[in-house]
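Asker: Right, I'll just put the structure down here and ask away after.
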Amino acid sequence: MVALLIVAASAVGLVEGIAIKKYNKKHDKGGFIFTALISLFSMLFFIITDKGGIEIVPQMLPYSIISGILYCTASLLTFIALKCGSFSISMLILSYSGVFTILYGLIFLREPTSVFAYIGMGIMMISLFLSRPAKAENEKRGSFKWLICITVSLFGSGFFGVMSKAQQIRFENRYNNEYMMLTLAISFVILVTVGIINDRKNLGYILRYGAPYAALGGISNGATNLLALIITSLIAVSISSPLSAGTKIIMSFIVSKLIFKESFLKRQVFGVLLGAVSLVFLNL
């Protein structure tokens, strides 16, 4: 039962990336508005599925404002990265955002860590080196642009994870849903404001063709978080987290081959597999 839930959560978690990549390949317009719509649909999912009643306290606002800025930045740059780079390699790199939370706990919270975390970080560095684009890919895919976008997106996602942990500690896990609702609302406001200024000529087109993909991505985002809560209620997070992350990496590689017809060097394939292994060590 738990194994099926983990596979389901990993598959659902990939839907957002697939929706973004598919929209990019077919329409390639309106990154600001499109990612704003994803934030909106994800926020609506959290509101609809909330069962404890919504309670917002003013002290939460600084956390949500910073997180909203980080979230919208990471979302937009992920959109651009998936447009000009490999789906599988992009998803692999973004999966390492959890390292920021580990380092935050280690450095600032003085949390104890094991030798496995250091081994995982070492394997992660090898994985990134092996997964780098080939020289030919650099010329064809605008790899420098992809590298900048995916790196900044990684940092944005990583620091978003740090802020999430900080607010969980500050409020003792009492307002997690409200925190996400506010964060996504702020992300939506920022992205739609810039989007209207930047993409106003194509606004109708983006809403018409982008809304179905964005709805799919936003619901995927919310459903992934919901499934994660169910899984962690059944088994320890130290077990569920590496299994989910590793499964997602392998599945993203399969999606890249079957849906997007991406080709990889042998070293890149090995790098992806090492990425899954590193996440297991990081969470032991």
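Asker: Among the residues of the range 227-241, are any at pLDDT 80 or above, not in a helix (DSSP H, G or I) and not β-branched (Val, Ile, Thr)? Spell out the reasoning first.
Answerer: Just the residues of the range 227-241 that are at pLDDT 80 or above, to begin with: none.
The answer is no; no qualifying residue exists.
Residue-by-condition table, conditions (1) surrounded by fewer than 23 Cβ atoms within 10 Å (Cβ to Cβ); (2) within 13 Å of LEU184 (Cβ to Cβ); (3) in contact with a Lys or Arg (Cβ under 6 Å, 6 or more places away or on another chain); (4) aliphatic (A, V, I, L, M):
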| site | (1), (2), (3), (4) |
| --- | --- |
| ALA74 | no, yes, no, yes |
| ILE80 | yes, no, no, yes |
| MET91 | no, no, no, yes |
| TYR96 | yes, no, no, no |
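Asker: Filter the range 248-281 for residues that are within 20 Å of the chain's Cα centre (by Cα) and free of Cβ contacts under 8 Å to residues at least 60 places away in the same chain; which is surrounded by the fewest Cβ atoms within 10 Å (Cβ to Cβ)?
Answerer: Only one residue fits best here, namely ILE254.
Asker: Continuing with this model, one more query. Filter the range 13-34 down to the residues that are at pLDDT below 85 and of a type outside the set (Gly, Ala, Ser) and list them by number.
Answerer: LYS25, LYS26, HIS27, ASP28, LYS29 - these are the residues of the range 13-34 that are at pLDDT below 85 and of a type outside the set (Gly, Ala, Ser).
Asker: To continue, here is another question. Checking MET1 against (1) modelled with pLDDT of 80 or more; (2) surrounded by fewer than 18 Cβ atoms within 10 Å (Cβ to Cβ), which single condition isn't satisfied?
Answerer: (1)
Asker: Report, by residue number, each residue of the range 44-72 that is touching a Gly at 6+ places or on another chain (Cβ under 6 Å) and farther than 16 Å from SER164 by Cα.
Answerer: If the condition is that a residue be touching a Gly at 6+ places or on another chain (Cβ under 6 Å) and farther than 16 Å from SER164 by Cα, then PHE45 is the only one that fits.
Asker: Just checking, does the range 183-205 include any residue being closer than 26 Å to MET124 by Cα and either modelled with pLDDT of 80 or more or buried (at least 21 other Cβ atoms within 10 Å of the Cβ) (or both)? So that I can check it myself, show each step before the final result.
Answerer: First, pick out the residues of the range 183-205 that are closer than 26 Å to MET124 by Cα: none.
No: the range 183-205 contains no residue that is closer than 26 Å to MET124 by Cα and either modelled with pLDDT of 80 or more or buried (at least 21 other Cβ atoms within 10 Å of the Cβ) (or both).
Asker: Mind checking whether some residue in the range 33-43 is exposed (fewer than 15 other Cβ atoms within 10 Å of the Cβ) and either under 16 Å from SER164 (Cα atoms) or in contact (Cβ under 8 Å) with a residue 40 or more places away in the chain (or both)? Working first, answer last.
Answerer: So in the range 33-43, the residues exposed (fewer than 15 other Cβ atoms within 10 Å of the Cβ) come out as none.
Checking the range 33-43: not a single residue is exposed (fewer than 15 other Cβ atoms within 10 Å of the Cβ) and either under 16 Å from SER164 (Cα atoms) or in contact (Cβ under 8 Å) with a residue 40 or more places away in the chain (or both).
The values are calculated or read from the model by the stated rules, or taken from the named source; none is laboratory data. Everything numeric here is computed off the predicted structure, so don't read it as measured data. Counting neighbours? That spans all protein chains shown, and the Cβs are built from the backbone with ideal geometry, glycine included.
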